[in-house]
Amino acid sequence: MQTIENIELHYLTLDDYQELKDAMIEAYTNMPNSYWKEAHIKSLIKKFPEGQVCIKINNEIAGCALSIIVGDAEFEGKHTYRDITGNYTFDTHNPDGDVLYGIDVFITPKFRGLRLGRRLYDFRKELTEKLNLRGIAFGGRIPNYHKYAQELTPKQYIEKVKRKEIHDPVLNFQISNDFHPSKILKNYLEGDEASNEFAVMLEWKNIYYEKETEKAATKKKIIRLGLIQWQMRLYKDLEELMQQAEYFIDAVSAYRSDFALFPEFFNAPLMADNNHLPEAEAIRELASFTPEIVDQFSKLAISYNINVITGSFPEIRNNLLYNVGYLCRRDGSTERYEKLHVTPDEAKVWGMQGGKEVKTFDTDCGRIGVLICYDSEFPELSRLLADEGMDILFIPFLTDTQNGYSRVRHCAQARAIENECYVAIAGSVGNLPKVHNMDIQFAQSMVFTPCDFSFPANGIKAEATTNTEMILIADVDIDLLRELHQFGSVRNLKDRRKDIYQVIRPSRT
């Protein structure tokens, strides 16, 4: 697969037409001449520009979703594709309707397997919520039905697909994306021989839908965090270690997490092969894996549609050894963060240097910060990040003893209170008897909140079982932070006495 540098969602324009046509021909090879004419696309864009989007990879169209808005009368009864589109004029589009109707969605064969379809459906869901529509509906093809038409009715076929007795690539995908079948549509799409011209009416309900009132409403922003409490064990090679990493990403992604957080130095087991070397040489050998690990994490972030915070690993730059990690966004971009305060042990045993840059990162879930382990014990760092608008602070850590863990844990909770933000910490558990200077680990991964009425009284949103390999899933509400900033019982950010003290960055020459 080609290197993916960028994934973007764009509103469709007429300038995209020729490329869109080529993509449709490529996507619908089993249905000749099943591409939209330029006049059709022009009509859709004119009537409902917000509903027509394409997804581009490296500036190449990889997929598309077309939609209109309809009222109850148009879709609740039996209808065909020709009916719902007004004989392909889209005059059935009703801006005052309450249902988003899917006209078309596809991903080209070249880019299948990257979960791009989910992104298009997520866009439709977000658009439905934004426009305060009651839900989404469309007629879904059942392309494997022709194989069973002699023995099963469409209803029986659908039931077997739902029970996983039959695999239908389209229907399975729709059901996994929270769409439920509501009725069978006969003679729906002319020429769809694979489905015997049957379709399934699929619907998704917008649970945030509210009938229009004069009362103002605030839409909440819920972010789901997935923390990996990693078990230290020996791996025969990098491939085996990354298989375990992908397993965890798959797990937290299955719960639709927006972030996956790995611990500090989770790849330390790979030092076992060099345990005969002095510790300083062994960790420099470990640093040789870093570029490949970052590359693989970036691909996993794209494939599983999740932002990955890679924990940390050693990296050599200009012959100096650093403790660094990467934010691998699900759009394909990456950014680097550094551990600024190395521990006395890291400096003495490994010859590790402290980094020089602390910064926030913009994501599709808001602005975040990352501090590696010991850095969390220096409150000035997180205060600088809070001043830049950080909502969530991630702290990957590695501690060998309970007292070491307690320092990180209590400092992390203090950071949540004083900066009015969420803090997520993730560490490793177990032991590595064949790796010098990495013998034992102690961890309890947690998500902390400020302490006020809208949050848990003890400031703990979620906590893992101590010293047990597991994942921890927690939802955090960003709008609660906004309310806290303005109306909290105490306002740690607002009430700072900047006339007496400030945290400032030194000038750079």
Open item on the list: Between 0 and 90 degrees, rounded to the nearest ten: what's the tilt of helix 116-130 against the longest Cα principal axis of the chain?
Closed with: 80 degrees
Open item on the list: Helix 290-303 against the longest principal axis of the chain: what's the angle in degrees, Cα atoms only, rounded to the nearest 10?
Closed with: 30 degrees
TODO: Could you check the simple spin-label distance between LYS37 and LYS348, using points 7 Å along Cα→Cβ, in nm with one decimal?
DONE: 8.0 nm
Open item on the list: Under a crude label model (7 Å from the Cα following the beta-carbon direction), how far is ASP178 from THR465 in nanometres?
Closed with: 2.9 nm
- [ ] Using the Karplus curve 6.51 cos²θ - 1.76 cosθ + 1.60 with θ = phi - 60°, work out ³J(HN,Hα) for each residue of region 355-364 in order, rounded to whole Hz, and write x for Gly and Pro.
- [x] x, 10, 10, 10, 7, 8, 10, 7, 9, 6
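Under 8 Å for C-alpha pairs, at least 6 residues apart: give me the relative contact order for the chain, rounded to a whole percent. Show your work: numbers first, answer last.
Values: 1021 pairs, mean separation 55.2, N = 509.
Rounded, it is 11 percent for the chain.
For SER507 and ARG118 in the same chain, what is the full-extension length gain: residue separation times 0.36 nm, less their Cα-Cα distance, in nm?
Values: separation 389, 0.36 × 389 = 140.04 nm, distance 4.53 nm.
Fully extending the segment from SER507 to ARG118 adds 135.5 nm.
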TODO: Can you figure out the FRET efficiency of HIS485 with GLU126, using R₀ = 25 Å and their beta-carbon distance, to the nearest 0.05?
DONE: 0.50
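Which loop trypsin sites (Lys or Arg not before Pro) in region 1-65, with loop taken from DSSP, have no more than 15 other Cβ atoms within 10 angstrom of their Cβ? Mind showing how you got there, number by number?
Working: sites: LYS21, LYS37, LYS42, LYS46, LYS47, LYS56; in loops: LYS37.
Counting only loop positions with at most 15 other Cβ atoms within 10 Å, the trypsin sites (Lys or Arg not before Pro) in region 1-65 are LYS37.
If R₀ is 35 angstrom, what is the calculated FRET efficiency for the pair ARG497 and ARG407, using the beta carbon separation as r and rounding to 0.05? Walk me through the numbers on the way to the answer.
On the way: r = 27 Å, r/R0 = 0.78.
Result of the calculation: an efficiency of 0.80.
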TODO: Specify the angular offset, from 0 to 90 degrees and rounded to the nearest 10, of the alpha carbon long axis of helix 402-419 from the longest principal axis of the alpha carbons in the chain.
DONE: 60 degrees
- [ ] Place +1 on the Cβ of every Lys and Arg and -1 on the Cβ of every Asp and Glu in region 7-205, take the dipole about the Cα centre, and give the residue among HIS79, THR153, GLY97 whose Cα lies farthest towards its positive end.
- [x] THR153
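Could you tell me the relative contact order of region 41-173? Use alpha-carbon pairs under 8 Å, at least six residues apart, and round to a whole percent.
Numbers: 173 pairs, mean separation 26.7, N = 133.
Contact order relative to length: 20 percent.
To the nearest 0.05, what FRET efficiency results for ASN196 and ASN58 with a Förster distance of 41 Å applied to their C-beta separation?
Working: r = 38 Å, r/R0 = 0.93.
Step by step, r from the Cβ atoms, then E = 0.60.
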Task: Sparse-neighbourhood loop sites, chymotrypsin sites (Phe, Trp or Tyr not before Pro) in region 402-509 - DSSP loop, at most 14 other Cβ within 10 angstrom - done: PHE453, TYR501
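Multiply the residue separation of SER333 and SER454 by 0.36 nm, subtract the distance between their alpha-carbon atoms, and state the gained length in nm to one decimal.
On the way: separation 121, 0.36 × 121 = 43.56 nm, distance 3.41 nm.
Extra length from SER333 to SER454 when fully extended: 40.1 nm.
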TODO: As a check on your grasp of the helix formula, calculate [θ] at 222 nm for the chain: sum -39500 (n - 2.57) over DSSP H runs of n ≥ 4, divide by the residue count, round to the nearest 500.
DONE: -8000 deg cm²/dmol
Task: At most 11 other Cβ within 10 Å, DSSP loop - trypsin sites (Lys or Arg not before Pro), region 222-313 - done: LYS236
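How much length would be gained if the chain were fully extended between LEU9 and GLU26, taking 0.36 nm per residue of separation minus their Cα-Cα distance, in nm to one decimal? The partial results should precede the final answer.
Details: separation 17, 0.36 × 17 = 6.12 nm, distance 1.97 nm.
Extra length from LEU9 to GLU26 when fully extended: 4.2 nm.
Bear in mind these aren't lab numbers, they're just calculated from the coordinates by the rules spelled out. These numbers come from a predicted model, not from an experiment. Cβ: placed from backbone, ideal geometry, glycine included. Neighbour counts: every protein chain shown.
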